[in-house]
Structure formats: structure tokens, C-alpha cells
Amino acid sequence: MPLYLEFALSFLLARAAVEQPAADRRLNAFEDILTALASRWRPRTPLSPARELRMCEQTREALLAWLEGEETTEGNTLCRLAIYAVAVTDDRVPQGWVRLHLRHG
């Protein structure tokens, strides 16, 4: 079993195919596509971004810009986005790529 999978952010956003600017829908679609693509190696359970996802700072900023779109973010979605803002950065991941860790030690 691989230790992690990496996907190009552009691929994930294209697969998410969300046209609505609502951050909660975009975030759900992003996480759903990740879990679907990795379903062979991990259960289709909700992601724990702080534990499972890593990306460099530039990729994280691009993801957050796409997630937030044109609408104001508030409530539970804002809390979920805060996790991405502070807990997923790892500059060892190549720019433009999202790493999904499959094992946790």
C-alpha cells in the first residue's frame, strides 16, 4: 500500500466541477473527489485535512482562493477553511500538487 497519493490541484478542481461560488459546496466537492480517487487505498470516510492533507504554501493559497470564490464565508465553513489555512502546509510537496497521506503514525 502506498504511503500517500499526490494529485495535481488543477486536476482536482476540474474534477470537482463546481460552478457555484459557495465555499461550503466547493469544499465538499474538493474533499469528496479526493476520497473518491483514493477509495482503493482508504475508506470513503470524511477527510481529516490537518492529519491527511499536505501542500506547499502557494498551492494552499490557490486552493483557498478557489474555495472562497465570490461569496462571503461564515460559520462552520469558515472553521473548516481555517484548518486549511494553518494545518496543511508542507513546502516539501511540489508546487501545484496535493498530497493525501494514507497511513498515520
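None of the figures in this text is laboratory data; all of them are computed from the coordinates on show. Just so it is clear, the model here is predicted, and its values are computed rather than measured. Every residue, glycine as well, gets a Cβ built from its backbone with ideal geometry; the counts of neighbours run over all protein chains shown.
Data table
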{"quantity": "Cβ-placed point charges (K, R +1; D, E -1), dipole of the chain about Cα centre in debye, nearest 20", "calculated": "640 debye"}
{"quantity": "Radius 10 Å from Cβ of GLU57, net charge of other residues (Lys, Arg +1; Asp, Glu -1)", "calculated": "-2"}
{"quantity": "Sum of side-chain charges, LEU47 neighbourhood, beta-carbon under 11 Å (Lys, Arg +1; Asp, Glu -1)", "calculated": "+1"}
{"quantity": "Identified option (computed Cα extents along the principal axes in Å; candidates [x] 56, 24, 22; [y] 50, 26, 18; [z] 40, 26, 24)", "calculated": "[z]"}
{"quantity": "FRET efficiency for LEU47 and ASP91, using Cβ-Cβ distance with R0 set to 30 Å, rounded to 0.05", "calculated": "0.90"}
{"quantity": "Segment ASP32-GLN58, extension gain: residue separation times 0.36 nm, minus the distance between their alpha carbons", "calculated": "7.2 nm"}
{"quantity": "The chain: antiparallel DSSP beta bridges as a percent of all, rounded to 5", "calculated": "90 percent"}
